[in-house]
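To start, the structure under review is shown below, and the notes come after it.
Please treat every number below as a calculation from the coordinates, not as lab data. Note that the structure is predicted; figures quoted are calculated from it, not measured. Please note: Cβ atoms are built from the backbone with ideal geometry, for glycine as well, and neighbour counts cover all protein chains shown.
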Amino acid sequence: MASGTKYSTRSTVALVIGLTALFLGLVALIISMLTFFQVRGLEERQERYIPSLLPTLPDEPSPEELIGPGPEAGEAAAARRWYGLCPKNSVKSLQDFRKLVLQDKLLRVYYSRFRWQQARLVTLNAPRLAYVSYQKDGQIARTRKKIRLPQGDTIITDGIIQVRTYCCNEVIEEVAAPEPPDPSTGTVTQAPPSP
């Protein structure tokens with residue numbers, strides 16, 4: 001009888017130790033998962049604000065030069081200087097964009113955080129105001145002020161980064177830094193509110 005009680009006590013102790021270890025393992029797993037998702041969320045928020053680090057240039061192109069000519073534009077519009085990150089109208093699909101990014105060192109670095117698995121094409125249902133990146137004299141910059149993107153403009157997005165198919169220029173809804181001073185007046189405008 002004594003040996004049966006001893007065996008039962010050992011079994012109970014082993015069971016308690018095993019359940020405690022299992023419980024601690026589950027707690028550690030839950031904590032690590034929560035930490036992973038919090039860090040991932042921070043990374044995604046930081047990705048959204050990376051464009052704010054782009055410089056603005058005092059002699060930036062006009063909005064018309066960045067948006068591109070409408071369908072009614074003639075030869076004068078075609079002769080304008082190009083500020084796109086890729087050749088004009090060279091992206092018609094996700095595959096076109098990916099191919100361009102992989103082949104071009106500048107685009108490969110600039111869009112290195114683009115999440116290809118989440119990529120999709122979106123057509124603007126209405127005009128939209130946004131900052132836009134552009135390339136000038138081998139430097140990538142962003143517009144000082146938001147410009148109007150036309151209805152029907154096609155954008156590739158991964159849910160964070162947005163790219164115009166017309167020119168591969170990034171569409172930036174918000175920036176985390178204040179706008180630089182206006183070169184003509186020297187005044188600083190307020191930054192748009194952060195989400």
Shape call for region 54-172, from the Cα gyration tensor axes a ≥ b ≥ c (a/c under 1.5 means rounded, otherwise prolate when a/b beats b/c, else oblate), comes out rounded
Computed from the beta carbon distance with a Förster radius of 22 Å, FRET efficiency for Lys105 and Gln139 to the nearest 0.05 stands at 0.90
A chain fully extended from Ser93 to Asn125 at 0.36 nm per residue, minus the present Cα-Cα distance, gains in nm 9.7 nm
Here, Thr154 and Ile30, labelled 7 Å along Cα→Cβ, have an inter-label distance in nm of 4.8
Here the gain from full extension of Ser62 to Ser11, 0.36 nm per residue of separation minus their alpha-carbon distance, amounts to 10.4 nm
